[in-house]
Amino acid sequence: MKGDESAALFDVLCCGMACYDLSFMLASHPASDEKVSAKRLVMCGGGPAANASVAVKRLGGSAAFCGFIASDHFGTAHLRELTEAGVDCTLVFQETGSATPLSAILVKENGERCVVNYRENLSRKPPALPSRLIKFKSLLIDGHEKELSNQLIEIAKAEGSATVLDAGSVRPSTLDLAEKVDYLICSERFASDYSGSSDSSDYLILLTRLNRNVAVTLGSKGCIYIFGSDSGRIPAQEVSVVDTNGAGDAFHAAFALCIARGTKPVDALQCATDVAALTCEKLGGRAGFPTWEEVAARFRDLDQY
């Protein structure tokens, strides 16, 4: 790594959205004009990049988060949660007069969920990142903060750091960033919408127009990938699913951490698949993020990663 040798060095810098999640466990999703009672409620911070920073820490890596957090009740709680988890928040920009994005997640006992999101449409002037920036081995972005992400991608290129995009949906920002990162790891929805096809065999070929290193997460069907001339499928692990919320964020976190540690990309996908599977066994997103030791005890010796 180049740059200021006195700056802190982190395994993964995560840049993007920070929101707050309220996860309700229900016997069934409510019908029209129906009132139901939840069996459980879990409240915690959320957002793809913010979640990934916590997942990296849970796996034993070092992590920092870059993004905006409101100074309201939910934002203050989220910032405290990140700090207590050991995530570096040097590059968090606190906002006054704005509301924290909220997600209400209704989870059925079989793990199926529906999500209601609320986020203000804010017009932000992208802040200039500090000149004495923290250093990182791997950059993970979720596409929600395009301007910040572009600044960090340029820094990563100059420093020789790896870059990973978590592409959840097709938007102008994700399409732009997808061409600039080293690895495009996208959802099946992104792949289907971009390719215009429901055939997974078409996804990868068409996605290589955006990036030569592509993986598509398929939930319970695992993931498929093309990394240069190498391609294949990795099946999902069989687990008792309680809540799939946060599994994708944990997947991206594990992949970015493995890449930061010099793991081969295909092996990084295998590790990410294991981590995502264990995340589904608990309610409430972050509550299910496993430790490195928990993954090793269930699936494989992670020292190989």
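The values are calculated or read from the model by the stated rules, or taken from the named source; none is laboratory data. Quantities reported herein were computed from a predicted structural model and do not represent experimental measurements. Note that we place each Cβ from the backbone using ideal geometry, even for glycine, and neighbour counts take in every protein chain shown.
When both residues are 6+ apart or on different chains and their Cβ atoms are under 7 Å apart, which pairs have a first residue that lies in region 47-73 and is farther than 18 Å from residue 285 by Cβ, and a second that is part of a strand (DSSP E or B) and among the hydroxyl-bearing types (Ser, Thr, Tyr)? Between residues of region 47-73 that are farther than 18 Å from residue 285 by Cβ and residues that are part of a strand (DSSP E or B) and among the hydroxyl-bearing types (Ser, Thr, Tyr), the close pairs are 64/90. Kindly evaluate residue 236 against the criterion of being within 25 Å of residue 295 (Cα to Cα), under 19 Å from the mean Cα position of the chain (by Cα), modelled with pLDDT of 85 or more and assigned to a loop (DSSP other than H, G, I, E, B). Taking the combined requirement at face value, the residue satisfies it. Number of residues in region 61-103 that are of a type in the set (Gly, Ala, Ser) and within 18 Å of the chain's Cα centre (by Cα): the value is 8.
The rows are residues; the columns are (1) among the aliphatic types (A, V, I, L, M); (2) surrounded by 16 or more Cβ atoms within 10 Å (Cβ to Cβ); (3) touching a helix residue (DSSP H, G or I) at 6+ places or on another chain (Cβ under 7 Å); (4) closer than 26 Å to residue 44 by Cα.
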position	(1), (2), (3), (4)
240	no, no, no, yes
260	yes, yes, no, no
275	yes, yes, yes, yes
293	no, no, no, yes
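Here residue 37 fits the description: without any contact (Cβ under 8 Å) to a residue 40 or more places away in the chain and surrounded by fewer than 17 Cβ atoms within 10 Å (Cβ to Cβ). Annotation note: of 121, 150, the sole residue that is free of Cβ contacts under 8 Å to residues at least 24 places away in the same chain and not small (Gly, Ala, Ser) is 121.
Among the residues of region 173-204, those that are in contact (Cβ under 8 Å) with a residue 12 or more places away in the chain, more than 30 Å from residue 9 (Cα to Cα) and surrounded by fewer than 20 Cβ atoms within 10 Å (Cβ to Cβ) comprise 188, 189, 193, 195, 200, 204. Only one of the numbered conditions (1) basic (Lys, Arg); (2) over 22 Å from the mean Cα position of the chain (by Cα); (3) not in a loop (DSSP other than H, G, I, E, B) is not met by residue 35, and that is (3). Among the conditions (1) modelled with pLDDT of 95 or more; (2) buried (at least 17 other Cβ atoms within 10 Å of the Cβ), residue 135 misses just one, which is (1). Please work out which one of (1) over 19 Å from residue 163 (Cα atoms); (2) not in a strand (DSSP E or B) is the condition residue 41 fails and give its number. Going through (1) over 19 Å from residue 163 (Cα atoms); (2) not in a strand (DSSP E or B) one by one, residue 41 breaks only (2).
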